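Novice: Here's a structure for you.
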Amino acid sequence: MKLKGLPIWTKFDVSMLGKLALQFRGDPPMFGEITYLNNMLSDARILTHLHLTIERTHSTIFLNLIQYTWPNLENLVINATIGLVLTGVYQNPSDFVNFFKRHTNLTTLSLSSNIFPRVPSLTPYITVDHLPRLESFSYDIPMDFEGLQLNQVLSPASARRLRHLTISEKDAQYSNMDIYKELTSLQSCCITPQSIISLDYNNIYRILGSIVGHATNLRKIYLPPHVVLSEGLQEEHFMTLSFLRDLPSLTHLSGLWMTSILDSELTWRRLSQELHHFDKLRFVIPDRISLMDEEKQILFFELARDRKGKLMAEAVLGRILPSDMGYLSWGGFYRGMINEV
């Protein structure tokens with residue numbers, strides 16, 4: 001929308017904003033609108049949450065984001081793999097570190113790897129000294145990977161404090177995998193595909209192989225699914241469960257791909273054989289499902305055992321609203337229904 005032309009903005013006190021979410025879709029805003037947006041961000045001094053989503057555009061959006069200071073900022077999410085330039089970063093990479101130093105209250109941070117300066121620093125950009133309260137970190141890798149590896153962005157000490165990590169499976173091709181062994185406090189982990197079509201499960205094996213044995217408190221995990229036909233999940237997805245058996249606290253398994261209620265029954269019969277050794281697992285969450293009744297979809301399976309120890313599952317139905325579709329980047333763990341369980 002043309003922000004400057006909206007009558008509401010003339011009556012709105014931007015300085016009182018605590019939470020702000022902006023989306024850019026299709027054609028980019030005009031230069032004057034970006035100027036207005038930069039001014040608005042500059043005036044919103046008491047922000048605690050800033051979410052910025054940029055879908056594919058035909059030109060670049062320039063924001064002065066890292067030049068600003070929001071003393072109360074706790075949650076910063078930037079979902080943009082292309083089309084965004086943070087003004088000043090490439091001229092002076094230290095500005096990025098200084099931005100973190102000015103925002104020590106950040107607990108949640110989601111960034112694309114190509115937003116970071118391409119010139120690697122001698123030490124990781126995120127350290128405990130910079131962001132002592134960081135608990136949730138999402139680090140996306142774009143299709144034309146041009147950014148830094150996870151171990152070049154996140155220090156080992158910071159990794160040890162993380163409770164949630166979202167990472168692309170492609171990171172296994174670039175990063176020193178020792179950084180994953182530092183995730184000793186991790187409670188939830190989301191491994192996303194760069195592309196479902198080009199998904200490489202060997203990368204997932206590498207990540208899981210490094211996490212298992214160290215993230216002993218891991219409770220929730222999202223694994224990217226294969227696009228499958230009616231016979232159910234492909235074998236690679238089940239093979240990952242052999243890694244998960246060494247995660248003793250696992251309660252949620254998310255990312256299963258289902259195309260119909262019949263498919264879910266086939267999947268469950270196959271899955272129940274694999275999950276017999278998971279004593280604490282309580283919820284299995286489909287990635288996508290399409291039923292005859294579009295108003296009802298399987299949100300998750302709740303697991304239980306009968307008196308003989310046989311694993312049973314009850315499908316919990318509900319409706320997934322369009323506003324919920326953004327949950328994929330966090331593995332479904334922060335969506336309302338999943339939070340309740």
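The values are calculated or read from the model by the stated rules, or taken from the named source; none is laboratory data. These numbers were taken from a predicted model, which means no experiment stands behind them. So basically every Cβ, Gly included, is an ideal-geometry build from the backbone, and we count neighbours across all protein chains shown. Accessible surface areas use protein heavy atoms only, side chains included; no ligands, DNA or RNA. Shrake-Rupley method; radii C 1.70, N 1.55, O 1.52, S 1.80 Å.
Novice: Within the stretch 23-63, work out how many residues are of a type outside the set (D, E, K, R), modelled with pLDDT under 80 and either surrounded by 14 or more Cβ atoms within 10 Å (Cβ to Cβ) or not in a strand (DSSP E or B) (or both).
Specialist: The number of residues fulfilling the criteria is 20.
Novice: Within the stretch 96-115, how many residues are modelled with pLDDT under 75 and in a loop (DSSP other than H, G, I, E, B)?
Specialist: Counting residues in the stretch 96-115 that are modelled with pLDDT under 75 and in a loop (DSSP other than H, G, I, E, B) gives 0.
Novice: Also, quick follow-up: Being surrounded by fewer than 21 Cβ atoms within 10 Å (Cβ to Cβ) and either at pLDDT 80 or above or in contact with a Ser or Thr (Cβ under 6 Å, 6 or more places away or on another chain) (or both) narrows it down to one of Leu291, Leu311, so name that one.
Specialist: Leu311
Novice: Being among the polar types (S, T, N, Q) and open to solvent by less than 50 Å² (accessible area, probe 1.4 Å): is that true of Gln194 here?
Specialist: Yes: the conditions hold for Gln194.
Novice: If you go through the stretch 175-216 one residue at a time, how many are assigned to a loop (DSSP other than H, G, I, E, B) and farther than 22 Å from Phe300 by Cα?
Specialist: Counting residues in the stretch 175-216 that are assigned to a loop (DSSP other than H, G, I, E, B) and farther than 22 Å from Phe300 by Cα gives 17.
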